[in-house]
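Enquirer: I'd like to ask some things about the structure below.
Just so you know, all these numbers are worked out from the coordinates, no wet-lab data involved. What you see is a predicted model; the values in this text were computed from it and never measured.
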Amino acid sequence: MVFLGETSKGNIGLFNPAYLVKSRCGVFYLRWPLPKQLHPQKKASTLKLSLQTRDPRKALRLSRSLSQIGERLNEYGIAHGMRYEVGRS
C-alpha cells in the first residue's frame with residue numbers, strides 16, 4: 001500500500017523537504033541550518049539531529065514540527081543575541 005507522499009519503495013517522494021535526510025542505515029535525520037549571526041566566528045553551520053526512525057511518514061511528521069521550533073529559535077536567537085553554544089545544546 002502506498003500512502004500520499006510515499007513511493008512504493010518507502011521513500012517520501014515529492015514531499016521530501018531539504019532538511020530531512022536519510023542515512024545509509026535508513027535512519028532519518030533533521031539537518032537544520034544555523035544562521036551566521038548565531039555562530040561565534042560568523043560562519044554558517046548546521047545541526048544534525050537523529051529522528052530515530054526509519055518510517056518516512058513519521059520522519060516527515062517529526063521534521064515538520066522540529067523545523068517550526070528551529071525557525072522560532074533562529075528568530076529568537078538573532079533578535080536577542082542567543083549564544084552559539086545554547087543553540088547547539
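Enquirer: Name the residues whose placed amide hydrogens come within less than 5 Å of the amide hydrogen of S45, ignoring near sequence neighbours (fewer than 5 apart) on the same chain.
Expert: Sorted by chain and number, the residues that satisfy this are L34.
Enquirer: Next question. List the relative contact order of region 30-79 as a percent without decimals, with contacts defined as Cα pairs under 8 Å and 6+ residues apart.
Expert: The normalised contact order for region 30-79 reaches 35 percent.
Enquirer: Sticking with this one: Multiplying the sequence separation of K48 and Y76 by 0.36 nm and subtracting their Cα-Cα distance, what value in nm do you get?
Expert: Length gained between K48 and Y76: 8.1 nm.
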